[in-house]
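The structure appears right after this line, and notes come after that.
The values are calculated or read from the model by the stated rules, or taken from the named source; none is laboratory data. What you see is a predicted model; the values in this text were computed from it and never measured. Cβ: placed from backbone, ideal geometry, glycine included. Neighbour counts: every protein chain shown. Side chains are part of the model used for accessible areas, which takes the heavy atoms of the whole protein and leaves out ligands, DNA and RNA. Shrake-Rupley method; radii C 1.70, N 1.55, O 1.52, S 1.80 Å.
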Amino acid sequence: MLTQAPPESVAGRLAVDIRRRVIEMSGSPNGVHIGGSMSIADLLAVLYGEVLRQPAGENTVADRDYLILSKGQASAALYAALAATGVIPEAECATYAEPESRLGGHPMKRLPGVDFSTGALGHGLSLGLGVALAGRRYGYDKRAFVILGDGELQEGSNWEAAMAAPHLGVDNLFAIVDRNGWQISGRTEDCMSLEPLADKWAGFGWRVLTIDGHDHDQIREAFGEPVEPGRPTAVIARTIKARGVPGLHDTKKSHSATLDQNARQLALAALAGEL
C-alpha cells in the first residue's frame with residue numbers, strides 16, 4: 001500500500017485522497033510532476049488535516065498559518081489537498097494544466113489557498129521569512145510552513161534566507177525539505193552534494209529535525225513539539241519520489257510524466273492495496 005497511516009485517521013484518509021487525485025490528474029497530456037507530488041502527500045495530509053490554522057484565509061486574517069509550496073512543480077499535490085479540504089471544487093482537478101484553468105503547472109495566487117505564486121525555485125523560504133517576520137513585528141499569531149525540494153537547495157537564495165531567519169529570531173518559521181534524493185537531472189548527490197544537510201541548517205542556527213516523511217506520527221511530532229524561542233525549525237523529511245507508483249517508484253523518470261489509462265488504473269490499484 002502507498003500509505004503507512006491508519007486509514008481511519010484524518011490525515012490517513014487525506015493522504016490516500018491526495019494520492020488518488022494526483023494519479024487522476026496524471027492523465028493530463030501536459031504531464032504531472034508525479035514523483036515530487038507523491039513524495040509530499042503525507043506531509044500535506046498531516047499539515048492540512050491536523051496542523052494548519054486557516055491556511056486558505058484571506059491576507060486580512062491576522063492570526064493564521066501560511067503553506068508556501070516553494071517547489072511549485074508539485075502543484076498537483078497542493079491542488080489535491082485544497083480539493084480534499086473543500087477550498088476548491090473537487091471537479092476542478094480535472095482542469096489541471098488546461099488553457100485558462102486556475103490550476104496551472106505551478107501554483108498561482110489567483111487560486112484560493114495560494115498566497116504566493118511559486119515555482120521559480122529558491123524564492124519560497126524568503127517569502128516565508130517575510131510572513132513570519134511580519135507576524136512577529138506586528139504582534140500577529142502567524143506561522144509560515146515552507147515546503148522545499150532538496151534539489152532546490154542548490155539555489156543560493158535559500159541560504160540567504162536560512163542565514164537571516166535565526167538572526168531575526170523567527171521561531172514561527174518552518175522549512176520542510178522534501179528529501180527524496182532526486183532532481184530533474186538525476187540524483188541530488190551526483191548533481192551537487194547536499195550532505196551533511198542537517199549540519200548545514202544547524203550551522204546557520206536552525207533547530208533541525210530529521211524524520212521519515214511518510215510516517216504520520218513522526219510528522220505530527222515534528223510540528224507538535226514546542227518550538228525553541230528565537231530559532232526557526234528545519235524539518236528534513238526523508239521521502240521516496242513517486243512512492244508506490246508502479247514503474248515510477250524512486251526513479252528519475254517520475255519527475256514529470258503522463259500516465260495512460262492502464263497506468264493510472266494500475267497506480268490506483270496499488271493505492272487501494274490490491275497489488
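Compute the relative contact order of region 58-127 as a whole-number percentage, counting only Cα pairs closer than 8 Å that sit 6 or more residues apart in sequence.
Relative contact order, region 58-127: 37 percent.
Note down the nm distance, to one decimal, between modelled labels 7 Å out along Cα→Cβ at E92 and at Q54.
That separation, rounded to one decimal, is 2.0 nm.
Rounded to the nearest whole Å², what accessible area per residue is found for region 178-275 with the 1.4 Å probe?
48 Å²
Beta carbons within 10 angstrom, averaged per residue: use that to sort the peptides 104-116, 195-207, highest first.
Result, highest mean Cβ count within 10 Å first: 104-116, 195-207.
With a ≥ b ≥ c the root eigenvalues of the C-alpha gyration tensor of region 101-215, is it rounded (a/c under 1.5), prolate (a/b larger than b/c) or oblate?
Numbers: a/c = 1.88, a/b = 1.11, b/c = 1.69.
Oblate is the answer for region 101-215, as a/c is 1.5 or above yet b/c matches or exceeds a/b.
Any chance you could list P(r) for region 1-143, counting all Cα-Cα pairs in 5 angstrom bins from zero, rounded to whole %?
2, 11, 19, 23, 21, 14, 8, 3, 1, 0
So what's Rg/Rh here for region 150-275, counting alpha carbon atoms and using the Kirkwood radius for Rh?
We get a ratio of 1.05 for region 150-275.
Please figure out what share of the DSSP beta bridges in the chain is antiparallel and state it in percent, rounded to the nearest 5.
If we restrict to bridges inside the chain, about 10 percent are antiparallel.
For every other residue with a beta carbon closer than 15 angstrom to the beta carbon of K253, add +1 if it is Lys or Arg and -1 if Asp or Glu, then tell me the sum.
Cβ neighbours under 15 Å give a net charge of +2.
Given labels modelled 7 Å from the Cα in the Cβ direction, how far is it in nm from Y140 to D199?
With each label point 7 Å from Cα toward Cβ, the separation is 3.9 nm.
First measure r as the distance between the Cβ atoms of R187 and R110, then evaluate 1/(1 + (r/R0)^6) with R0 = 45 Å and state the FRET efficiency to the nearest 0.05.
Approximately 0.80, to the nearest 0.05.
What's the longest uninterrupted piece of the chain once you rule out the GluC sites (Glu not before Pro) that are loop residues per DSSP with at most 13 other Cβ within 10 Å?
In the chain, the maximal stretch lacking such sites is 101-273.
Can you list the lysines whose alpha carbon is less than 23 Å from that of K252, not counting same-chain residues fewer than 8 positions off?
Hits, sequence-local ones excluded: K71, K241.
How big is the C-alpha Rg of the chain next to the rule-of-thumb value 2.2 N^0.38 Å, as a ratio?
My calculation over the Cα atoms of the chain gives 0.94.
Leaving out ligands, DNA and RNA, and with a 1.4 Å probe, what % of the accessible surface on the chain is carbon or sulfur?
53 percent
Hey, what number do you get for the chain at 222 nm if only DSSP H runs of n ≥ 4 count, each worth -39500 (n - 2.57), divided across all residues, to the nearest 500?
Computed mean residue ellipticity for the chain: -10000 deg cm²/dmol.
Considering only C-alpha atoms, what is the centroid distance from region 1-73 to region 216-273, in Å?
10 Å
With a probe of 1.4 Å, find how much accessible area region 47-150 has per residue, and write the answer as a whole number in Å².
Each residue of region 47-150 exposes 40 Å² on average to a 1.4 Å probe.
For the chain, what relative contact order do you get, as a whole percent, if you take Cα pairs closer than 8 Å and at least 6 residues apart?
25 percent
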